[in-house]
Structures are given as structure tokens and as C-alpha cells.
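Working notes, structure below.
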Amino acid sequence: MQHVEIYTSPLCGYCHAAKRLLTDKGVSFAEYNVVVKPNKRQEMLNRANGRHTVPQIFVGETHVGGYDDLAALERAGKLDRLLQG
């Protein structure tokens, strides 16, 4: 299983939805709260090519994008394959 990282903020509904989708699939992930750790916001910006909204989700070295992108992969049946590497 690929390592999953998600950059979040506490009041973000899309962040909660992304974490719920991953949790429901039994996927563990590293979560970085960009409000509590501002240095993680800059890291996120660099890794996500300037995208500044949360969540920003990474599966291995692949930048998935936000919740809508993650949900689209799931609907298309492509998320499991990405998670397996």
C-alpha cells in the first residue's frame, strides 16, 4: 500500500470528507494541519505546484489534488489501483 499524506485545516468540510473516504477504505494516512503548523502550508504549496486550498492529497509521489479529485478517482474505479502502487 502506498504512503498517503493529506494537508488539512480543522474547519474544512472537504478535508473531513477526504479523511472519511480514506478511512472507510481502510487506508491509513499522515495528516498535516496547515493551521497548527504553518511550515507545512509552505511545504504543501511547493509540493502541490502552488495550489493553496486544502485538502491536498498525495499518494506516494503522486499529487492527487483535492477531495473532488480523490472522489473522482474512486468513482472511476482508479483509486484502489493508485493506492496499491
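Each reported figure results from applying straightforward, stated rules to the coordinates on display, with no laboratory input. Since we're looking at a predicted model, the values are computed, not measured. As a convention, Cβ positions derive from the backbone with ideal geometry for all residues, glycine included, and neighbour counts pool all protein chains shown.
Placing unit charges on the Cβ atoms of the charged side chains and taking the dipole of the chain about its Cα centre, the candidate lying farthest along the positive direction among Tyr7, Leu82, Gln42 is Gln42. Across the chain, the mean sequence separation of Cα contacts (distance under 8 Å, 6 or more residues apart), normalised by length, yields a relative contact order of 36 percent.
Using the Cβ-Cβ distance between Lys78 and Val35 with R0 set to 25 Å, the FRET efficiency from 1/(1 + (r/R0)^6) comes to roughly 0.25.
Run through the DSSP bridge list for the chain and note the antiparallel percent, rounded to the nearest 5.
Details: 7 of 11 bridges.
Taking every DSSP beta bridge within the chain, about 65 percent pair in antiparallel fashion.
Dividing the helix sum by the residues of the chain, where each DSSP H run of 4 or more adds -39500 (n - 2.57), gives a mean residue ellipticity at 222 nm of -12500 deg cm²/dmol. Within 10 Å, at most 13 other Cβ atoms, and a DSSP state outside H, G, I, E, B define an exposed site. Report the longest part of the chain free of exposed trypsin sites (Lys or Arg not before Pro). Maximal segment without exposed cleavage sites: 26-77.
Legend: P(r) of the chain from all alpha carbon pair distances, 5 Å bins from 0, whole percents, reading 3, 16, 29, 28, 16, 7, 1. Rounded to the nearest whole Hz, the Karplus-based 3J(HN,Hα) values (6.51 cos²θ - 1.76 cosθ + 1.60, θ = phi - 60°) of segment 62-76 follow the sequence 8, 7, 6, x, x, 4, 4, 5, 4, 5, 5, 4, 5, 4, 7, with x at glycine and proline.
Maximal additional length on extending the Met1-Asp69 stretch stands at 22.5 nm, based on 0.36 nm per residue less the C-alpha distance. Only the Cβ atoms of Lys and Arg (+1) and of Asp and Glu (-1) were treated as charged; on that basis the dipole of the chain about its Cα centre amounts to roughly 120 debye. Under 5 Å from the amide H of Gly65 lie the amide H atoms of Ile57, each residue being 5 or more positions distant or on a separate chain, with H modelled from the backbone and absent for Pro and chain starts.
For His3, the residues whose modelled amide H falls within less than 5 Å of its own, excluding neighbours fewer than 5 places apart on the same chain, are Gly60.
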